Ligand code: TRP
């Protein structure tokens, strides 16, 4: 059996939204059907605590929310091991070994971490950066390597973190001998999905920016948000030519619209290119495009919302899924850590 391992996770700091879904969640569900892979998906509660140490309740509450989003999106515990990061103490141990192979300077240069620190400062957060936050790429390297992961499906913004994991693996292997596997980021196939903008036109959909459409949003909330979506400020009259650049309506269509949606919901056009051409020419109003987008998103979200509701009424069962997944994940991490301890030379009492 030579299966490749796929592993990824999410911080439980809020419910998951369309950005997560388009970026990696949808892909993870598709990959479930491929027998060539062993799959782990986990809730990164320890990583969430690196910048929420004083709000442990938020993290705790969102562990179950994210689990509900996973199950709603269609992750199947029989095909994907779903676990909780804090339940795998081996990850903390591996992080300790890695810490000594990374410089503070290198962490400070990590573009993802830099951008996150900048955003926190701009939002008037507390002064100072928690050491744990600066070092989260190190703990993330442990999350990945403790399962011998080959592929890590992540959004584009996480690629510097995966790059740093690869550096850590190379450093570890060169010091202690060939022990750990070097993973690869697996980016969304469609460019448009890499980073979904917020409904307000901000570059990124995010909970902290308050511009997200959540998987758990009800039908009315989705419609209301779609109608608010930032489009083209120069497209005032229907007859005005419209612009696609920075137009969130079209960014979402790029991520979610397929040709069959036209036959189903907007038969005047054959495909997205035709719709875009008409918009650019002028004569196509935003509201018409938004109604179309709304239908597409409702069709995508309705089954997710339905499954989510089912599990919402059965939270005990969800916790059992997480517990069983964590036990299984721990077995794998335990095997890798035995190898690591031998390599580092701390296996004193054989
Ligand atoms: N940093 C990721 C995020 O913010 C979450 C994460 C933690 C992760 N550990 C991981 C992702 C390991 C992939 C692999 O969404």
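The values are calculated or read from the model by the stated rules, or taken from the named source; none is laboratory data. Small disclaimer: the values here were computed from a predicted structure and weren't measured. Positions of Cβ are backbone-derived with ideal geometry, glycine not excepted, and every protein chain shown enters the neighbour counts.
Please work out which residue is nearest to the ligand (Cβ to nearest atom), limiting yourself to the range 1-43 and to residues that are in contact with a strand residue (DSSP E or B) (Cβ under 7 Å, 6 or more places away or on another chain) and within 21 Å of residue 198 (Cα to Cα). Steps first, please.
Narrowing the range 1-43 to residues in contact with a strand residue (DSSP E or B) (Cβ under 7 Å, 6 or more places away or on another chain): 3-10, 12, 15-17, 20, 24, 27-28, 31-32, 36-43.
Checking which are within 21 Å of residue 198 (Cα to Cα) leaves us with 10, 12, 15-17, 20, 24, 27.
Values: 10: 5, 12: 10, 15: 13, 16: 10, 17: 12, 20: 8, 24: 9, 27: 13 Å.
Out of the qualifying residues, it is 10.
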Restricting to the range 296-330, give me the number of residues that are over 17 Å from residue 64 (Cβ atoms) and surrounded by 16 or more Cβ atoms within 10 Å (Cβ to Cβ). 6
Which condition does residue 117 not pass, out of (1) within 15 Å of the ligand (Cβ to nearest atom); (2) at positive phi; (3) without any contact (Cβ under 8 Å) to a residue 24 or more places away in the chain, if it passes all the others? (2)
Looking at the range 52-62, is at least one residue away from the ligand (no atom under 12 Å from the Cβ) and more than 24 Å from residue 206 (Cα to Cα)? no
Considering only helices (runs of 4 or more DSSP H) wholly within the range 12-122, the ones with at least 1 residues that are modelled with pLDDT of 95 or more and buried (at least 21 other Cβ atoms within 10 Å of the Cβ) are 45-49, 56-73, 89-99
Would a scan of the range 122-140 turn up a residue that is in contact with a strand residue (DSSP E or B) (Cβ under 8 Å, 6 or more places away or on another chain), within 12 Å of the ligand (Cβ to nearest atom), in contact (Cβ under 8 Å) with a residue 12 or more places away in the chain and assigned by TED's automatic domain parsing to the domain that holds residue 42? no
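Whether any residue in the range 177-188 is within 15 Å of the chain's Cα centre (by Cα), in the same structural domain as residue 20 (by TED's automatic domain parsing) and within 30 Å of residue 223 (Cβ to Cβ) is what I want to check.
The first filter runs over the range 177-188 and keeps only residues within 15 Å of the chain's Cα centre (by Cα), leaving 185-188.
Filter once more, so that each one left must be in the same structural domain as residue 20 (by TED's automatic domain parsing): 185-188.
Going one step further and asking which of them are within 30 Å of residue 223 (Cβ to Cβ), we end up with 188.
Checked the range 177-188: at least one residue is within 15 Å of the chain's Cα centre (by Cα), in the same structural domain as residue 20 (by TED's automatic domain parsing) and within 30 Å of residue 223 (Cβ to Cβ).
So, of the residues in the range 143-166 that are near the ligand (Cβ under 9 Å from one of its atoms) and within 19 Å of residue 81 (Cα to Cα), which turns out to be farthest from the chain's Cα centre (by Cα)?
Of all residues in the range 143-166, those near the ligand (Cβ under 9 Å from one of its atoms) come to 143-144, 149, 152-155, 157-158, 161-162, 165.
The next check asks that each one be within 19 Å of residue 81 (Cα to Cα); those that pass are 143-144, 149, 152-154.
Numbers: 143: 15, 144: 14, 149: 16, 152: 11, 153: 8, 154: 6 Å.
The qualifying residue farthest from the chain's Cα centre (by Cα) is 149.
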